[in-house]
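Comments concern the structure below.
The values are calculated or read from the model by the stated rules, or taken from the named source; none is laboratory data. All values derive from a computational prediction rather than experimental measurement. In this analysis, Cβ positions are derived from the backbone assuming ideal geometry, glycine residues included, and neighbour counts consider all displayed protein chains. Each accessible area value is taken on the protein alone, full model and side chains, heavy atoms only, with ligands, DNA and RNA left out. Shrake-Rupley method; radii C 1.70, N 1.55, O 1.52, S 1.80 Å.
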Amino acid sequence: MTKLSAVIADDERLMREQLRMALQRVWPELRITAEAHDGAEAVERVREHRPDLAFLDITMPVQNGIAAAMEIDGLCPVVFVTAYDQYAIKAFEEGAVDYLLKPVEDERLLRTRQRWEQRQLTLPSHWQASLQQLSRQLARPDYLRWIKASVGNSLRMISTGEVLFFQSDEKYTRVQAVGCEALIRMPIKELLQALDPDEFWQIHRSTLVRVDAIEQIKRDDGQRGLLLQLRGYAEPLEVSRSYAHLFQRM
């Protein structure tokens with residue numbers, strides 16, 4: 001059987017590994033000849049290796065995957081990989097370019113293989129304007145919508161809409177969702193800059209809470225401050241005096 005080649009581009013090493021392992025299971029004759037951690041490097045690797053296919057993460061540093069695809073156009077078909085449903089819907093609703101949602105599932109990847117074998121993976125020229133618009137949108141700062149977190153020995157994608165609160169210690173930040181607890185290395189200070197301030201409030205130097213998860217606010221027994229009761233979580237969260245003013249009008 002003829003060997004095929006591919007380039008994988010994603011700024012997250014674990015995501016590259018997950019995709020590579022999925023390809024080994026579903027498409028064993030597809031050989032990964034190079035990997036890249038940003039869009040600019042992806043363009044270089046494609047020009048260098050001339051693969052049969054390129055898998056590009058949409059949101060990468062230096063150059064996003066959409067911009068990289070416009071440069072790659074004509075060299076090889078492109079499959080976009082994304083954790084964000086809205087990007088896939090906006091850019092690919094006609095189905096002319098394939099995309100995979102993270103974490104990549106074998107069944108969905110098999111459909112990508114079938115589309116490639118049927119020569120259906122193309123980037124029509126009239127899509128250049130649409131891709132340019134989406135690329136400009138990606139270049140603008142956007143709030144964090146997905147958390148890539150460790151759960152045991154696996155990696156899980158957690159929507160910020162599922163998160164109840166973030167709580168940090170010296171080394172890790174705990175991500176608490178309904179029925180799920182995970183760890184990330186991003187400190188509270190960085191999370192504050194990345195999250196929508198209307199969606200998450202800081203209630204303690206080490207704690208951020210999702211506002212619409214708050215079910216009840218009450219004073220603690222010692223009258224030292226406030227306690228928050230969250231929907232779907234039994235233990236109350238303490239609000240330090242420095243942040244009590246956030247709840248004065250609630």
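Couple of notes before you dig in:
- Hey, GLN24 within 18 Å of ARG111 (Cα to Cα), open to solvent by 10 Å² or more (accessible area, probe 1.4 Å) and of a type in the set (S, T, N, Q) or not: yes
- Candidates are the residues of the range 193-213 that are among the hydrophobic types (A, V, I, L, M, F, W, C) and open to solvent by less than 20 Å² (accessible area, probe 1.4 Å); the one that is farthest from the chain's Cα centre (by Cα) is ILE203.
- One residue stands out in the range 88-121 among those that are open to solvent by 80 Å² or more (accessible area, probe 1.4 Å), in a loop (DSSP other than H, G, I, E, B) and within 23 Å of VAL26 (Cα to Cα): the one that is modelled with the lowest pLDDT, namely GLN120.
- Within the range 185-213, the set of residues being at pLDDT below 90 and part of a helix (DSSP H, G or I) comprises LYS189, GLU190, LEU192, GLN193, ALA194.
- Enumeration of residues in the range 33-72 that are open to solvent by 20 Å² or more (accessible area, probe 1.4 Å) and closer than 19 Å to ARG115 by Cβ: ASP52
- Scanning the range 166-177 for residues that are among the β-branched types (Val, Ile, Thr) and in contact with a helix residue (DSSP H, G or I) (Cβ under 9 Å, 6 or more places away or on another chain) yields one hit, THR173.
- Sole residue being open to solvent by less than 40 Å² (accessible area, probe 1.4 Å), of a type in the set (S, T, N, Q) and modelled with pLDDT under 85, chosen from SER135, SER125: SER135
- Odd one out for PRO51 among (1) in contact (Cβ under 8 Å) with a residue 12 or more places away in the chain; (2) outside any loop (DSSP other than H, G, I, E, B): (2)
- Test result for ARG185, more than 17 Å from GLY232 (Cβ to Cβ) and under 18 Å from the mean Cα position of the chain (by Cα): yes
- Qualifying residue in the range 170-192 (condition: surrounded by fewer than 20 Cβ atoms within 10 Å (Cβ to Cβ), more than 26 Å from THR59 (Cα to Cα) and without any contact (Cβ under 8 Å) to a residue 24 or more places away in the chain): yes
- Of all residues in the range 11-40, those satisfying the criterion of being in a loop (DSSP other than H, G, I, E, B) and closer than 15 Å to LEU53 by Cα are TRP27, PRO28, GLU29.
- Some residue of the range 214-225 being modelled with pLDDT of 90 or more and open to solvent by less than 30 Å² (accessible area, probe 1.4 Å): yes
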